[in-house]
Amino acid sequence: MGGKDLQIDRVSKRYGDVHALREMTFDVGEGGIFGFVGGNGAGKTTTMRIILGVLAADSGEVRWRGEPIGLETRRDIGYMPEERGLYPKMGVRDQLMYLARLHGIRKRAAGAAADEWLERFGLTERRRDELDDLSLGNQQKVQLAAALIHDPEVLVLDEPFSGLDPMAVDVMSEVLRKKAAAGVPVIFSSHQLDLVERLCDRVGIVRAGSMVACGPVGELRDGSRRRFEIEIAG
Ligand code: ATP
């Protein structure tokens, strides 16, 4: 396991009177998979949006390899937002290609990457369909492909497994493992304890905007598991 590539250091954020984050602090090392666990409204999405830079923190800092995270690194984050956010009336393959092109990938390579992801998720037959015409589970797979298509240096995924069928969960788990093994830090939020246990090296439990526990996933298997269950139940 490498150093502390991505550091979230005492990040606070308020929405009016709501303290969404209170000195949120954790780090994700190179090659690590970090599971972000907490009940509804705990602050997971807010943290991810601040890492991505679409939301500004009131105080605190996000650092990438020791430096305040800059635009370049943020462009290299593969992000899957909770609210999703693709174009419902656009063809599935066109959409993936468009996103790849936005990341500066040349047309031929963009097409190859789109085809590869569609194949992996068993969606080759649906490539010309509008996103809207796909089941929610399949839309989710396209959203994941969109987060991965530019071969990101960091992965930040908000509830990536919710609504996926078992085959897609396996594909996705394998992808995250491979990414982590290649040195890409991965953060994902989840309410699915079994997945968190299976996939993550480290887990953080967040409650009311703060990290209340953070450590190796092995700790889940002893006394702390009950605590995780309580947090996930929210
Ligand atoms: P969930 O699992 O339900 O997605 P979460 O852990 O991702 O929850 P956040 O969405 O980050 O939590 O929300 C943290 C807190 O900030 C909650 O109390 C939420 O109601 C509040 N909040 C989030 N976005 C806004 C907003 N735009 N305006 C006001 N309050 C907000």
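The values are calculated or read from the model by the stated rules, or taken from the named source; none is laboratory data. Everything quoted here is computed from the prediction, not taken from an experiment. Every residue, glycine as well, gets a Cβ built from its backbone with ideal geometry; the counts of neighbours run over all protein chains shown. The area values use the complete protein model at the heavy-atom level, side chains included, leaving out ligands, DNA and RNA. Shrake-Rupley method; radii C 1.70, N 1.55, O 1.52, S 1.80 Å.
Listed here are the residues, each with its yes/no results for (1) hydrophobic (A, V, I, L, M, F, W, C); (2) within 14 Å of the ligand (Cβ to nearest atom); (3) outside any loop (DSSP other than H, G, I, E, B); (4) more than 18 Å from D76 (Cα to Cα).
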residue: R10; (1), (2), (3), (4): no, no, yes, yes
residue: K13; (1), (2), (3), (4): no, yes, yes, yes
residue: H19; (1), (2), (3), (4): no, yes, yes, yes
residue: M24; (1), (2), (3), (4): yes, yes, yes, yes
residue: G39; (1), (2), (3), (4): no, yes, no, yes
residue: M48; (1), (2), (3), (4): yes, yes, yes, no
residue: I51; (1), (2), (3), (4): yes, yes, yes, no
residue: A57; (1), (2), (3), (4): yes, yes, no, yes
residue: G60; (1), (2), (3), (4): no, no, yes, yes
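Being at pLDDT 95 or above, open to solvent by less than 50 Å² (accessible area, probe 1.4 Å) and either of a type outside the set (V, I, T) or away from the ligand (no atom under 13 Å from the Cβ) (or both) is the requirement here; does M80 meet it? In short, no. Any residue at all in region 19-42 that is without any contact (Cβ under 8 Å) to a residue 24 or more places away in the chain, within 21 Å of the chain's Cα centre (by Cα) and open to solvent by less than 50 Å² (accessible area, probe 1.4 Å)? Among the residues of region 19-42, at least one is without any contact (Cβ under 8 Å) to a residue 24 or more places away in the chain, within 21 Å of the chain's Cα centre (by Cα) and open to solvent by less than 50 Å² (accessible area, probe 1.4 Å), which makes the answer yes. Please indicate, with yes or no, whether at least one residue in region 159-168 is in a loop (DSSP other than H, G, I, E, B) and away from the ligand (no atom under 16 Å from the Cβ). Within region 159-168 (the criterion being in a loop (DSSP other than H, G, I, E, B) and away from the ligand (no atom under 16 Å from the Cβ)), the answer is yes, since at least one residue qualifies. All told, D9 falls short of being closer than 12 Å to G209 by Cβ and either of a type in the set (V, I, T) or in contact with a strand residue (DSSP E or B) (Cβ under 6 Å, 6 or more places away or on another chain) (or both). Any chance region 138-152 includes a residue that's at pLDDT below 90, within 19 Å of the chain's Cα centre (by Cα), within 16 Å of the ligand (Cβ to nearest atom) and open to solvent by 10 Å² or more (accessible area, probe 1.4 Å)? Yes, that holds for at least one residue.
Against the definition (away from the ligand (no atom under 16 Å from the Cβ), part of a helix (DSSP H, G or I) and within 17 Å of D76 (Cβ to Cβ)), how does A180 come out, yes or no? For A180, the condition - away from the ligand (no atom under 16 Å from the Cβ), part of a helix (DSSP H, G or I) and within 17 Å of D76 (Cβ to Cβ) - is met. Scanning region 183-204 for residues that are in a loop (DSSP other than H, G, I, E, B) and away from the ligand (no atom under 14 Å from the Cβ) returns G183, V184, P185, C200, D201.
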